[in-house]
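Written below as structure tokens is the structure these notes are about.
The values are calculated or read from the model by the stated rules, or taken from the named source; none is laboratory data. All of these numbers come straight from a predicted model, not from anything done at the bench. Here the Cβ positions follow ideal geometry from the backbone for every residue, glycine too, while neighbour counts run over all protein chains shown. Please note that ligands, DNA and RNA were not included when accessible areas were found on the heavy atoms of the full protein model with its side chains. Shrake-Rupley method; radii C 1.70, N 1.55, O 1.52, S 1.80 Å.
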Amino acid sequence: MAKLPVIKFHPVTAPKSGNALVLLGKDLSLCAMAEELNTASQGALSRAIKAADFKGDLFASQVILAPNGLELDRVILLGIGEKDLLDTDWLRLGGAGMAAVKGFEKSSMILQRAEGEVSAEHASLFAMGMKLRSYDFDKYKTEKGAPKEDKPSVHVTIQLADHEGAAKAWERDDVISNGTLLARDLVNEPANILGPEEFAAKAKALEALGAEVEILEQAELEAENMWALLGVAQGSVRGPRVAIIKWNGGEQGDAPIAFIGKGVVFDTGGISIKPAGGMEEMKGDMGGAAAVTGLMHALIARKAKVNVIGAIGLVENMPDGNAQRPGDIVTSKSGQTIEVINTDAEGRLVLADVLTYVKEIYEPRFMIDLATLTGAVLVALGNQNAGIFSNSDEMCAQLSQAGEATGETVWRLPLSKDYDKMIDSQFADMKNTGGRWAGSITAAQFLKRFVGETDWVHIDVAGTAMGSPKNEINQSWASGYGVRLLDRLVADHYEG
Ligand code: BES
Ligand code: MN
Ligand code: ZN
């Protein structure tokens, strides 16, 4: 992975070398330190603002090279616009700031505004934006056939009045960043390297942080009667795994909250094979499981005060002499039978059994599943919102709020008896597809048949886990979507 910046917090002092970044609003008045740099450079900042016609627009930047009278390589102006900045703006501002100083070894980010101080929380979000922006999945790029030389680390000092508060807030936001980057790494990794077994090993590695991780293999999954999941896996030479990550940070005996992830390490579609064009993207069909793994990393590393289960169903969906056929009928762990109309609607088969397993064994307070479940959610919502489906209005409200706060936004889609009817089967209790229309909803109705009375939300991340347009905080194919959203949900409503 590309080198991540080394981030430190410091009181505001005149930077003596490297780059200095200062914030600038639309009224173009300089903060105290910018004023000091401007004076020391005989007005280089004000002249540059004028010469470049810099307007201080949010996220815009202007570089001033080697200003006279200063020992700095660059002074960088970073626009903050004129409106009050939201938390998500500070995050994206950090990303934009990182882009402006990128690659240079030493930078001071001076978080001071003409109108007043920057809060510790905002400075920490700025740091998170810098870190997320720095991520680059370049481990398979070589130079002349050899691994690329590691570039020197970028050292960033974030300067602000409440630097101690910011350093404290960063202890938490740093591990949330790490969880997000772990999820990105898992999604970007190709399926030849990351099969079910290798993914399970990544989950197992969370034990080093203090979690307990249980891995179920073929024989155990058979003993658990998880035949819906096993049916998907049977066309692959690489056996399935279910990983259960357990964190007990709450009161002993309190029911856990549970996160369940679809981990199809590669989805060819099976016998209902997908067209060749773009099929390589199906290496990301474990984006739900990646988000659950990254989330568990974050919650465990920050010692969240709550009992949590993270459960991921890991399979590969391949066509093969032993693959499941359209028309096959499988008996799920719940006892309900499923007619497999289309082997490409495999994610719901995997999730059905993992949801049942988690519900029966752990009796959780709620279950939230994340899955790259349907192409239809991309048609409905694009890359901008994940679709949520739920039996709990309260949880939807909490998630919407967490989405606004983190920028990982969600949009609720409906469930109803009429949609549910669409997956009735003439041969079994249900079929795994509901026809052409409302594809994301009928997929969610399918899952709903396995959650019983438990509060539940299904998050369809097919549009948000990967392939999103590049932005201030992500330049990579995989986004790590879901880690920040759900960490926030837990922090705001389910801890302590
Ligand atoms: N993994 C896909 C959904 C998907 C599509 C994820 C595009 C990411 C990007 C899923 O398993 C699938 O194939 N769904 C089918 C369902 C259909 C057969 C009912 C789909 O969406 O076409
Ligand atoms: Mn599929
Ligand atoms: Zn799939």
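Checked against (1) within 16 Å of ligand 2 (Cβ to nearest atom); (2) of a type in the set (D, E, K, R); (3) outside any loop (DSSP other than H, G, I, E, B), E394 passes all but condition (1). Note on segment 438-470: residues that are part of a loop (DSSP other than H, G, I, E, B) and in contact with a helix residue (DSSP H, G or I) (Cβ under 9 Å, 6 or more places away or on another chain) amount to 12.
Applying the set (1) surrounded by 20 or more Cβ atoms within 10 Å (Cβ to Cβ); (2) more than 16 Å from ligand 1 (Cβ to nearest atom); (3) part of a helix (DSSP H, G or I) to I361 leaves exactly one unmet item: (1).
A191 passes every criterion in (1) surrounded by fewer than 19 Cβ atoms within 10 Å (Cβ to Cβ); (2) in a loop (DSSP other than H, G, I, E, B); (3) touching an Asp or Glu at 6+ places or on another chain (Cβ under 8 Å); (4) modelled with pLDDT of 95 or more apart from (1). Only a single criterion out of (1) closer than 25 Å to L186 by Cβ; (2) within 21 Å of the chain's Cα centre (by Cα) is not satisfied by A380, namely (1). Listed by first and then second residue, the pairs linking a residue in segment 434-457 that is open to solvent by less than 40 Å² (accessible area, probe 1.4 Å) to a residue that is modelled with pLDDT under 95 and not aliphatic (A, V, I, L, M), with Cβ atoms under 9 Å apart and 6 or more places separating them unless they lie on different chains, are T442/G435.
Restricting attention to segment 331-355, the residues that are open to solvent by 10 Å² or more (accessible area, probe 1.4 Å), outside any loop (DSSP other than H, G, I, E, B) and within 15 Å of ligand 1 (Cβ to nearest atom) add up to 2. Restricting attention to segment 380-415, the residues being free of Cβ contacts under 8 Å to residues at least 60 places away in the same chain and either under 15 Å from M466 (Cβ atoms) or among the hydrophobic types (A, V, I, L, M, F, W, C) (or both) number 4. Restricting attention to segment 119-136, the residues that are closer than 23 Å to D84 by Cβ and not aliphatic (A, V, I, L, M) total 7.
Checking the structure you have, find out if any residue of segment 137-158 is surrounded by fewer than 17 Cβ atoms within 10 Å (Cβ to Cβ) and assigned to a helix (DSSP H, G or I). There is no residue in segment 137-158 that is surrounded by fewer than 17 Cβ atoms within 10 Å (Cβ to Cβ) and assigned to a helix (DSSP H, G or I).
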